[in-house]
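Read through the structure below, which is laid out as structure tokens, and then see the notes.
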Amino acid sequence: MNLSKEPEQEINDLTIIMPAYNEATGIEKVLSRLQDAMKDADFPWEILVVDDGSTDGTSEIVKKSGVKTISHAENRGYGAALKTGVHSIKTKWFAIIDADGTYPETELLNLSRYMDESDMIIGSRTGNSVHIPLVRRPAKAFITSLASYVSGRKIPDLNSGLRLMRREVVLKYIRLLPDGFSFTSTISIAMIVDGYRVKYIPIDYHHRKGKSKIRPIYDTLNFMSLIVRTIMYFRPLRVFFPFSLFLLLAGIIVLFGSYFVTGRIMDSTSAVLIMTSVQTLAMGLLAELIVRRTSS
């Protein structure tokens with residue numbers, strides 16, 4: 001559908017951005033299902049495929065289907081493809097969905113019903129039929145729990161690839177968003193800790209068509225590091241305070257434990273731990289003050 005209405009009539013116009021890398025085996029069917037799912041939408045919409053340096057003819061298949069395409073000369077990453085899409089559109093809203101058929105295209109229209117009351121609507125993979133590989137589930141659960149703790153809100157799905165977002169809000173964080181798979185995790189945490197209206201809607205999640213690009217160990221460690229870095233940027237005290245408390249408790253345990261075990265007090269070790277605890281808390285308070293002043 002062409003976005004041909006006058007700007008004042010385009011209240012909730014939407015661009016669906018689909019990043020694709022070597023998805024020739026299934027992208028044509030995904031696009032067809034997506035177009036069928038959106039045909040009853042009561043707002044202007046369009047689809048944009050960002051081909052991230054595919055070498056299997058993905059771009060040619062998309063062009064034959066009549067869908068608008070932007071191509072990277074080389075593979076730059078999932079987040080980089082999304083950022084290219086965000087910079088190239090003009091609609092007030094954009095949605096993202098994968099090209100591998102894992103997300104139910106019909107849910108996109110359901111999520112769009114909440115645009116008037118939200119800044120980001122996320123399809124949470126907590127529906128009745130969710131097919132996430134067993135090898136990825138423990139790491140996913142741990143990362144989600146960590147993100148929920150540091151962000152101060154229960155997060156049912158941190159990095160779902162099916163969501164709608166207000167473009168003007170995402171552009172505020174665009175320089176912080178990574179080029180890899182951590183794009184979705186970063187924008188989730190950023191918008192939650194900054195108080196934007198983030199809504200989760202349960203959806204199903206299908207078996208993937210084709211080979212996954214996720215590297216379980218590397219990407220899990222990268223996600224953990226990213227969560228801590230993101231929270232350090234927005235709410236540093238949530239990182240500094242637990243670490244300071246840990247050091248303080250360790251100093252007290254060494255102080256009294258050494259006396260009962262060895263008969264003498266290890267005052268120097270305990271003093272170092274306690275002083276480090278105080279310094280860590282002071283740095284956290286200073287970092288929190290800087291963040292609050294720069295964001296106000």
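Determine, yes or no, whether L108 is of a type in the set (A, V, I, L, M) and farther than 22 Å from L171 by Cα. No; evaluated as a whole, the condition is false for this residue. When each of G161, G123 is tested for being touching an Asp or Glu at 6+ places or on another chain (Cβ under 9 Å), assigned to a strand (DSSP E or B) and either of a type outside the set (A, V, I, L, M, F, W, C) or closer than 21 Å to Y196 by Cβ (or both), the lone residue that passes is G123. Filtering the stretch 227-252 to residues that are over 26 Å from M191 (Cα atoms) and among the β-branched types (V, I, T) leaves only I252. Taken over the stretch 270-291, the criterion of being surrounded by 12 or more Cβ atoms within 10 Å (Cβ to Cβ) and modelled with pLDDT under 80 is satisfied by A287, E288, L289, V291. For the structure I just gave you, tell me whether W93 is of a type in the set (F, W, Y) and either surrounded by fewer than 20 Cβ atoms within 10 Å (Cβ to Cβ) or over 25 Å from P178 (Cα atoms) (or both). Here the answer is no, as W93 does not meet what is asked. Are any of the residues in the stretch 202-219 modelled with pLDDT of 75 or more, crowded, with 21+ Cβ neighbours inside 10 Å and over 12 Å from the mean Cα position of the chain (by Cα)? Yes, there is a match, as at least one residue in the stretch 202-219 is modelled with pLDDT of 75 or more, crowded, with 21+ Cβ neighbours inside 10 Å and over 12 Å from the mean Cα position of the chain (by Cα).
The values are calculated or read from the model by the stated rules, or taken from the named source; none is laboratory data. Bear in mind the structure is a predicted one, so any value in this text is a computation, not a measurement. Every residue, glycine as well, gets a Cβ built from its backbone with ideal geometry; the counts of neighbours run over all protein chains shown.
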